[in-house]
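Take a look at the structure set out below.
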Amino acid sequence: MIHDISIAIHGGAGTILRSTMTPELQLQYETGLQDALSVGYNILAGGGSSLDAVEAAVASMEDFPLFNAGRGAVFNNLGGHEMDAAIMYGKGLEAGAVCGVSHVKNPVALARAIMDHSEHVILCGQGAEQFAKLQGLAFEGDAYFYTEQRYRQWQEALKEDRVQLDHSDKKFGTVGAVALDKDGNLAAATSTGGMTNKKYGRMGDSPIPGAGTYANNNTCAISCTGHGELFIRSVVAYDISCLIEYKGLSLKEACDIVVYDKLVKIGGEGGLIAIDKHSNIEMPFNSEGMYRGCRNSNGRNEVLIYKD
């Protein structure tokens, strides 16, 4: 049986308003999203796997400096970068994740390598970078990860001695992708630079299977973006899968309960992208906006930023 193919991506959620966005900047974001969508969709359209599609789409956004992942990762308290990523394949619940790496060009590629070539699920810090070198993955120096915008954000946060989200106006900087391929296999991937000025090796929900990233062929694929601590406590991605599997809810019903009710009750701001085994796509968020887009074989192809 040949399935409809679908992909959805996000580039973060939060206080994203038309009033604070220039036309030039909006076009840059839209271009970055559309490029990532095209990269992932073309793999699916060519008969490729959902796993390859989500990895390629996320890597495209990691290479795009406006998103808080890879090249555009925010600065931590010490003026360095600590990046996290995860990937999961719904066929056999395989997963790979990495946290706290500083110089790996594409953390999502490392997450994939951990899934494919190690007996572990999550590797951290120096050990993860050592494994990346053994796998021949690309590394970059500090200059590659430097952007003036991120440096200014870090300086502002240092002055006030606070940990802040991607922008001081609450933007949750994460990128992610979910996809369904022609064979009916679901996959999800997420990557982030975390919070500006973060300390003590803080890790969010992105690299935790079941919290910020999840895929199960029986239910759905999810990639989250939001206030990581609250998404971890709510086990958001797995909760949506459970509502579908055990309560028989539709993808939309499950997403709505978690994003608009459960998360809101504990102050969890953010959103997610989701695809189910029937190729349905949902992109809910309870913040002011979310960089997002989706494309499928039935002609849907859109990139969106704002709530309206």
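No lab work stands behind these numbers, since they all come straight from the coordinates. These numbers were taken from a predicted model, which means no experiment stands behind them. Heads up, the Cβs are rebuilt from the backbone with ideal geometry, glycines too, and the neighbour counts pull from every protein chain shown.
How many nm separate the modelled label positions at Y144 and N298, each set 7 Å beyond the Cα in the direction of the Cβ?
The modelled label-to-label distance comes out at 4.0 nm.
Put +1 on the Cβ of each Lys and Arg and -1 on the Cβ of each Asp and Glu in the chain; which of S118, G72, V258 then has its Cα farthest toward the positive end of the dipole?
V258
Pick out, from N296, P209, H278, the residue whose Cα sits farthest towards the positive end of the charge dipole of region 192-308, with +1 on the Cβ of Lys and Arg and -1 on the Cβ of Asp and Glu.
Checking the options against the dipole of region 192-308, the answer is P209.
Longest span of the chain, sites excluded, free of trypsin sites (Lys or Arg not before Pro) in DSSP loop with at most 14 other C-beta atoms within 10 Å?
With a cap of 14 other Cβ atoms within 10 Å, the longest stretch comes to 1-161.
Quick one: grab the alpha carbon gyration tensor of region 220-308, order the square roots of its eigenvalues as a ≥ b ≥ c, and give me rounded if a/c is under 1.5, else prolate or oblate depending on whether a/b is larger than b/c. The partial results should precede the final answer.
Numbers: a/c = 2.12, a/b = 1.16, b/c = 1.83.
Oblate.
Taking the Cα atoms of region 37-196, report the difference between the largest and smallest coordinate on each principal axis, in whole Å and largest first.
Taking max minus min along each principal axis of the Cα atoms, region 37-196 gives 52, 31, 23 Å.
Once you have the Cα-Cα distance between L78 and D116, take 0.36 nm times their residue separation minus that, and quote the gain in nm to one decimal.
Working: separation 38, 0.36 × 38 = 13.68 nm, distance 3.24 nm.
Gain in length upon complete extension: 10.4 nm.
Scanning the chain for chymotrypsin sites (Phe, Trp or Tyr not before Pro) in DSSP loops with at most 16 other Cβ atoms within 10 Å, what's the longest stretch left with none?
On the way: sites that count: Y146, Y200.
By the stated rule (loop sites, at most 16 other Cβ atoms within 10 Å), 1-145.
Tell me whether region 119-276 comes out rounded, prolate or oblate; compute the Cα gyration tensor, take square roots of the eigenvalues as a ≥ b ≥ c, and use a/c under 1.5 as the rounded threshold. Walk me through the numbers before you get to the answer.
Details: a/c = 2.30, a/b = 1.35, b/c = 1.71.
Note, shape of region 119-276 comes out oblate.
Cα gyration tensor of the chain, axes a ≥ b ≥ c as square roots of the eigenvalues: rounded (a/c below 1.5), prolate (a/b > b/c) or oblate? Let's see the in-between values first.
Values: a/c = 1.43, a/b = 1.22, b/c = 1.18.
In terms of gyration-tensor shape, rounded.
Through the Karplus equation 6.51 cos²θ - 1.76 cosθ + 1.60, θ set to phi - 60°, convert the phi angles of region 97-114 into ³J(HN,Hα) values in whole Hz; use x for Gly and Pro.
Result, ordered by residue: 8, 9, 9, x, 9, 10, 10, 6, 4, 10, x, 5, 5, 5, 4, 5, 5, 5 Hz.
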